[in-house]
Amino acid sequence: MRIKDLLNTAPSEKIVVAEGWVRTRRDGKNVTFLELNDGSSLKGLQVVIDKEKLNDINLDGISTGSSVHAEGVIVESHGEQKVELSLTSIALIGECPDDYPLQKKRHTVEFLREKAHLRARTNLFGAVARVRNTMSYAIHSFFQENGFVYVNTPIITASDCEGAGEQFQVTTLDLENVPKGEDGKVDYTKDFFGKMANLTVSGQLEGETYALALKDIYTFGPTFRAENSNTTRHLAEFWMVEPEMAFTDLYGDMEVAEKFLKYVFSRVLEKNPEDMAFFDNFVLKGVIETLEHVINSPFEHMTYTDAISILEKVNDKFEYQVHWGSDIQSEHERYLTEVVAKRPVIVTDYPKEIKAFYMKMNDDGKTVRGMDVLAPRLGEIIGGSEREWRLDVLKERMQELGLKEEDYWWYLELRKFGSVPHSGFGLGFERAVQYVTGVQNIRDVIPYPRYVKSAEF
Ligand code: 4AD
Ligand code: MG
């Protein structure tokens, strides 16, 4: 049985088995208390060892971090929890010497990042892992309940979806001895794929091909960005959820994004009350209330142009001044969500210059049908758009940006053969986990974070 289930077991005479890691051991004269945790819940099981009754009991080596097999009966507890285990026998499984890094005191997240192979045994990282699991499951449930088809798009790709040139290259060429052509350039025909290949930054382009066959699809997988940004919200490897819907415009896209976020947040409140109470107490006061507020209020909508005129009035507050045409930075996102709207904001219709090539051009010829969902505290959590589905307009746009048609021939053919309006978005999964848990740094909501100069474990 898991400890979570033992904690919900009614007292009885039946002998039960509890296995887990010792979090703490307290020795009294006649009684020893252990707190046993197996990660199935935040709370551990209190084990009471009556040394007088069990006079030949051997507790050698049972220390913080060691793993044990304990047997006993579930009895009513006078402590914080309803029940505890009154021990009948115990066996040490794996000892844990004194140099175990997770001793009882509280550790900083920076210290625990260096011990990422052990940190899931702490309250914080255990709770993050359980909430992350609930959110993954909720993401699948939401789309499955709404008739979306789960599609696995490739991880290795030859196209750059976002056009930002932030890709990790995949090659089997010998870097000490790179084959070169007569023009002095690398001869990629000698490489594994016969052309230059990279890790994907987004599954969107391939996702679109499936939406234009199956109507509503979604992907949920790892994506990679060689962005040199050392921030609390960027990773080099992160998970993205990307739905794509045929016969859907930007309004439909935004409606799905809002329902989707609310669904996932509600699931966590429903399934992980204990973990959420922990985050509320020890990580970010009020995080539960914030989520409830987000679930219960409609998202604010504004165009980029409106957002800029709001921000321009208070430009002196910002490190980066904005004007029409500039990117909205994290400090501006926070102002819009925290000060102006006090809830998530969906900003639409950005200047074409600051968005990707595939977004649908508006009639003004200047802005595109893109949308970003900005969340208080965090900023951009979702980026999406209606796609340019008109072949001639898309070709023109690609030409403007210097993208070669032959590199995107299959993407263009989607617009040639039975094109339809379609839209989608991408949710940064770790940012969503950060938002729900209140954890400050994105490096602490993924088991093994990858970022600039860091790929340990
Ligand atoms: O806004 P982005 O770049 O959009 C796309 O990739 C589109 N192809 C999505 C689509 O329309 N299907 O990325 C989407 C989201 C961002 O809003 C952000 O939450 C997250 O992915 N994200 C990152 N998360 C962690 N680390 C990074 N380096 C991230 N870059 C983007
Ligand atoms: Mg974006």
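Computed values, structure above
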quantity: Computed [θ] at 222 nm, helices only, for the chain once each DSSP H run of length n ≥ 4 contributes -39500 (n - 2.57); calculated: -8000 deg cm²/dmol
quantity: Net lengthening on full extension, Thr24/Glu405 (0.36 nm per residue, minus Cα-Cα); calculated: 130.8 nm
quantity: Sequence of Phe282, Phe357 from largest to smallest accessible area, 1.4 Å probe; calculated: Phe282, Phe357
quantity: Overall form of the range 104-147 per C-alpha gyration tensor (a/c, 1.5; a/b vs b/c); calculated: prolate
quantity: Length-normalised contact order for the chain - Cα pairs under 8 Å, 6+ apart - percent; calculated: 13
quantity: Cα gyration tensor shape for the range 190-299, rounded if a/c is under 1.5, else prolate or oblate; calculated: oblate
quantity: With all protein chains modelled, accessible area of Arg2 [1.4 Å, Å²]; calculated: 150
quantity: Subset of Lys14/Lys53; Lys355/Lys395; Lys180/Lys395 violating a 20 Å alpha-carbon distance limit; calculated: Lys180/Lys395
quantity: DSSP-assigned coil residues among GluC sites (Glu not before Pro) in the range 254-359, each with at most 13 further Cβ atoms within 10 Å; calculated: Glu319
quantity: Stretch gain in nm, segment Leu269-Gln440, where the contour uses 0.36 nm per residue and the Cα spacing is subtracted; calculated: 59.6 nm
quantity: With DNA, RNA and ligands ignored, accessible area of Ser63 (1.4 Å probe; Å², nearest 10); calculated: 40
quantity: Loop-resident sites, the range 184-217, for chymotrypsin sites (Phe, Trp or Tyr not before Pro), counting at most 14 other Cβ within 10 Å (DSSP); calculated: Phe192, Phe193
quantity: Accessible area, probe 1.4 Å, largest first, for residues Thr189, Thr171, Thr108, Thr134; calculated: Thr189, Thr108, Thr171, Thr134
quantity: Trypsin sites (Lys or Arg not before Pro) within the range 366-457, DSSP loop, no more than 12 other Cβ atoms inside 10 Å; calculated: Lys404, Lys453
quantity: Viscosity 0.890 mPa s, 25 °C: Kirkwood-radius Stokes-Einstein D of the range 65-153 over Cα pairs, µm²/s; calculated: 143
quantity: Descending principal axes extents, the range 314-449, alpha-carbon based, whole Å; calculated: 46, 39, 24
quantity: Antiparallel DSSP beta bridges within the chain, as percent of all bridges there, nearest 5; calculated: 90
quantity: Normalised convex hull volume, the chain, alpha-carbon set, Å³ per residue; calculated: 188
quantity: Restraint check, Lys259/Lys342; Lys185/Lys404; Lys29/Lys105, Cα-Cα greater than 22 Å; calculated: Lys29/Lys105
quantity: Axial C-alpha extent at least 27 Å, average Kyte-Doolittle at least -1.0 - helices from the chain (DSSP); calculated: 123-145, 250-271
quantity: Label-reachable residues, the range 53-68, where backbone N falls under 15 Å from a point 7 Å from Val31's Cα toward its Cβ; calculated: 53-54
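The values are calculated or read from the model by the stated rules, or taken from the named source; none is laboratory data. What you see is a predicted model; the values in this text were computed from it and never measured. Note: ideal-geometry Cβ built from the backbone for every residue, glycine included; neighbour counts use all protein chains shown. Heads up: the accessible areas ignore ligands, DNA and RNA and are worked out on the full protein's heavy atoms, side chains in. Shrake-Rupley method; radii C 1.70, N 1.55, O 1.52, S 1.80 Å.
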